[in-house]
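Got a structure here, written out as structure tokens. Questions coming.
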């Protein structure tokens with residue numbers, strides 16, 4: 001039976017201050033990803049730090065993470081270790097990130113032949129008291 005694992009690609013360290021009891025990766029080579037997938041925690045974060053990069057570099061880094069994840073998951077499956085990954089992209093709550101560039105890359109590289117069915121944009125960081133809202137003109 002496949003184990004569910006939540007894999008969060010995080011564009012910056014700010015929101016990570018509110019998480020605990022899980023792995024935080026600052027590298028995404030296959031050995032590191034393998035160790036994270038085999039860890040007992042139901043989730044892990046990959047800190048990409050793409051928020052401070054230009055869009056092209058952010059796409060390149062995100063693609064590298066996704067490809068290494070794909071290779072690692074494929075190699076583990078060949079060994080009989082199957083995962084049901086749930087992918088999350090945590091971007092800046094005030095939208096200072098590279099949306100939709102990073103989401104598009106994740107969809108292309110991890111979404112399979114047809115891509116993901118949907119993605120949700122939730123511009124909020126509740127623990128930090130931030131909720132992005134649009135004022136109504138009515």
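The values are calculated or read from the model by the stated rules, or taken from the named source; none is laboratory data. No experiment lies behind these values; they were computed from the predicted model shown. Because the Cβ atoms are built from the backbone with ideal geometry, glycine has one as well, and the counts that use them run over all protein chains shown.
If I go through region 23-41 residue by residue, how many of them are in a loop (DSSP other than H, G, I, E, B) and either under 14 Å from the mean Cα position of the chain (by Cα) or on the phi > 0 side of the Ramachandran plot (or both)?
Going through region 23-41 one residue at a time, the tally reaches 3.
A further question on this structure: Can you pull out every residue in region 57-74 that is out of contact with any helix residue (DSSP H, G or I) (no Cβ under 8 Å at 6 or more places or on another chain) and either surrounded by 21 or more Cβ atoms within 10 Å (Cβ to Cβ) or within 12 Å of residue 97 (Cα to Cα) (or both)?
Residue satisfying the conditions is 65 alone.
Okay, next question. Only one of these is part of a strand (DSSP E or B) and either over 15 Å from the mean Cα position of the chain (by Cα) or within 23 Å of residue 28 (Cα to Cα) (or both): 89, 97. Name it.
89
Provide a single number: the residues in region 109-129 that are surrounded by 13 or more Cβ atoms within 10 Å (Cβ to Cβ) and modelled with pLDDT of 90 or more.
So the answer is 3.
Of all residues in region 35-51 being surrounded by fewer than 18 Cβ atoms within 10 Å (Cβ to Cβ) and touching a helix residue (DSSP H, G or I) at 6+ places or on another chain (Cβ under 9 Å), which is modelled with the highest pLDDT?
38
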